[in-house]
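The structure appears right after this line, and notes come after that.
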């Protein structure tokens, strides 16, 4: 039985590469004439981690609760693994594992008793699978302790164990790094990347920790006042190397440097600051060596050369307006 | 069906994994012992253990304790899930909300049955210790009848408690309102008994032992089938309100 499950899921994983596992279609929530969520559409594919970003009150929590059916939708629909949440809830929800806000358990029961509660609620979760997920999150030694004696980090991990128990296609996490210490956050991030990659689970994470999302996600969806305002891919491995990038240079002679660059005609001058000896240029990746050579040949001394990266935070502020705090 | 019984088992374990669940059983055991001691001291003579048990499990004796214990234990069955936040994990599994709520209600009914069976055993043990084992068929019949009426009485009030718990989402408020109904319901009926509509009041009908031989119904003209019909209508309404609210409510 276990073997068969494994084989099935391995086969599925192969055939379902980059299949859309979660699809929001024009979803709205209207309460008292006010649109808390307004015509939101986006998708999550298997194996990718998508961040749902937005300032407080943007509708992140409402959106996530509509996806899992805790809150009804006023308009639109959510499809999970091909099934509609509003029309065939039971078929749709079985593909989802989630932690909504804090992972909450029955405090007077042990970790194992809590997981067994969830085991009984789903068909085909074996004792073996319980051992597997507890080992995965490193809670083997704490399974017979009552949950009220758990630290927040341990409860988070038990939350993940609970969410993965039935081998979902989509994992939904609302503020998963809330209350975790830096080591815990890093562990969580590595772990999420691992399961997205290995088990080809699509993961939707909501957070306001921008730097954290930048490290964790392959894509972010930014919403404000219930509306989608941007979708942006984040490249971790420098796949944008071929395109042009912005560089900041610190040189001995700004004037000479800018003349040299103009003559080279491969770089676009963005700004210069003669007092500090700095200039910023836009240049293609493959042209950087020739740029450095031209400067050196012209007798311009080069102290420093670095890429100017626009952080997610900068862009976020641009999108949502700087006066709002995330 | 198997998946439903596993949901009921979950609810049962949620009740019984707490040590406080022992309290109602301890109180009922203490009730049986104290009641036995009291009637013995007062010099009442019973021919057998069953005769004592038939009195001790009646609506005017154990019926004053057991329903209250059931209400106090069951209040919070749903609202505590909201308070602890576990409702979120409960509702995002592949089960309809109807099924989840039905499993809770089923567990509540099983709990009532366990309380009644426990009480029956406790009063029989007490009676046997004091008056010896044995009893006539009439006594055994009376015990059975009392247990059935106790079950109906307690179930009606627990269903009411269940509904208030869902509507208010507060176990404290629920205990308050439900106990108030149990205590004041009879009194209110008594005050209104000169009006003919009073026989349709829930509280006039909950205690079916009023139709036992030798007892007078609360309001003249009431019969056992009439009261049973009224109770069925009330319980159906309470359950309808509970399920509709639970199904529709946004969890935020």
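The values are calculated or read from the model by the stated rules, or taken from the named source; none is laboratory data. Just so it is clear, the model here is predicted, and its values are computed rather than measured. Cβ placement follows ideal geometry from the backbone for every residue including glycine, while neighbour counts extend to all protein chains displayed.
Scanning region A:32-56 for residues that are over 20 Å from residue A:171 (Cβ atoms) and without any contact (Cβ under 8 Å) to a residue 40 or more places away in the chain gives A:32, A:33, A:34. Considering region B:33-94, the qualifying helices (runs of 4 or more DSSP H), each wholly inside and each with 2 or more residues that are within 14 Å of chain A (Cβ to nearest Cβ), under 27 Å from residue B:153 (Cα atoms) and out of contact with any strand residue (DSSP E or B) (no Cβ under 8 Å at 6 or more places or on another chain), run over B:79-84. Checking each residue of region A:84-92 against the condition of being at positive phi, in a loop (DSSP other than H, G, I, E, B) and either outside the structural domain of residue A:121 (by TED's automatic domain parsing) or buried (at least 19 other Cβ atoms within 10 Å of the Cβ) (or both) gives no match. Filtering region A:74-92 to residues that are within 8 Å of another protein chain (Cβ to nearest Cβ) and touching a strand residue (DSSP E or B) at 6+ places or on another chain (Cβ under 8 Å) leaves only A:91.
Please determine whether any residue of region A:140-162 is part of a helix (DSSP H, G or I) and in contact with a strand residue (DSSP E or B) (Cβ under 6 Å, 6 or more places away or on another chain). Checking region A:140-162: at least one residue is part of a helix (DSSP H, G or I) and in contact with a strand residue (DSSP E or B) (Cβ under 6 Å, 6 or more places away or on another chain). Filtering region A:93-115 to residues that are facing another protein chain (nearest Cβ under 8 Å) and assigned to a helix (DSSP H, G or I) leaves A:93, A:113.
Considering only residues in region A:243-271 that are in contact with a strand residue (DSSP E or B) (Cβ under 8 Å, 6 or more places away or on another chain) and assigned to a loop (DSSP other than H, G, I, E, B), the one that is nearest to residue A:289 (Cα to Cα) turns out to be A:266. Scanning region B:211-236 for residues being in a helix (DSSP H, G or I) and touching a helix residue (DSSP H, G or I) at 6+ places or on another chain (Cβ under 8 Å) gives a total of 9.
Here residue A:120 fulfils each of the conditions (1) within 24 Å of residue A:218 (Cβ to Cβ); (2) surrounded by fewer than 20 Cβ atoms within 10 Å (Cβ to Cβ) apart from (1). Per the listing B:240, B:187, the residue uniquely away from every other protein chain (no Cβ under 14 Å), over 22 Å from residue B:82 (Cβ atoms) and within 20 Å of the chain's Cα centre (by Cα) is B:187. With respect to residue B:15, is the statement that it is closer than 19 Å to residue B:155 by Cβ, out of contact with any strand residue (DSSP E or B) (no Cβ under 7 Å at 6 or more places or on another chain) and either modelled with pLDDT under 90 or in a helix (DSSP H, G or I) (or both) true? So residue B:15 fits the description; yes.
Kindly provide the set of residues from region B:117-146 that are surrounded by 20 or more Cβ atoms within 10 Å (Cβ to Cβ) and within 22 Å of the chain's Cα centre (by Cα), ordered by number. Result: B:119, B:120, B:122, B:123, B:124, B:142, B:143, B:146.
Return a yes/no flag: does region A:170-178 have any residue that is away from chain B (no Cβ under 14 Å), within 26 Å of the chain's Cα centre (by Cα) and in contact (Cβ under 8 Å) with a residue 60 or more places away in the chain. So far as region A:170-178 goes, yes, one or more of its residues are away from chain B (no Cβ under 14 Å), within 26 Å of the chain's Cα centre (by Cα) and in contact (Cβ under 8 Å) with a residue 60 or more places away in the chain.
For region B:76-89, residues that are buried (at least 22 other Cβ atoms within 10 Å of the Cβ) and without any contact (Cβ under 8 Å) to a residue 24 or more places away in the chain total 2. In region A:58-73, the qualifying residues are those that are within 11 Å of another protein chain (Cβ to nearest Cβ) and not in a helix (DSSP H, G or I), and the one that is surrounded by the fewest Cβ atoms within 10 Å (Cβ to Cβ) is A:72.
Against the list (1) at pLDDT below 85; (2) on the phi > 0 side of the Ramachandran plot, the condition residue A:200 fails is (1).
One residue stands out among those in region A:163-189 that are in a helix (DSSP H, G or I) and touching a helix residue (DSSP H, G or I) at 6+ places or on another chain (Cβ under 8 Å): the one that is nearest to residue A:216 (Cα to Cα), which is A:189.
Condition test on residue A:42, is it surrounded by 15 or more Cβ atoms within 10 Å (Cβ to Cβ), more than 14 Å from every other protein chain (Cβ to nearest Cβ) and closer than 25 Å to residue A:192 by Cα? When the stated conditions are applied, residue A:42 passes them. Residue B:98 passes every criterion in (1) within 14 Å of chain A (Cβ to nearest Cβ); (2) surrounded by 16 or more Cβ atoms within 10 Å (Cβ to Cβ) apart from (2). Checked against (1) modelled with pLDDT under 60; (2) closer than 26 Å to residue A:190 by Cα, residue A:60 passes all but a single condition, namely (1). When B:127, B:134 are checked against the criterion of being more than 28 Å from residue B:10 (Cα to Cα), away from chain A (no Cβ under 14 Å), in contact with a helix residue (DSSP H, G or I) (Cβ under 7 Å, 6 or more places away or on another chain) and outside any helix (DSSP H, G or I), B:134 stands alone in meeting it.
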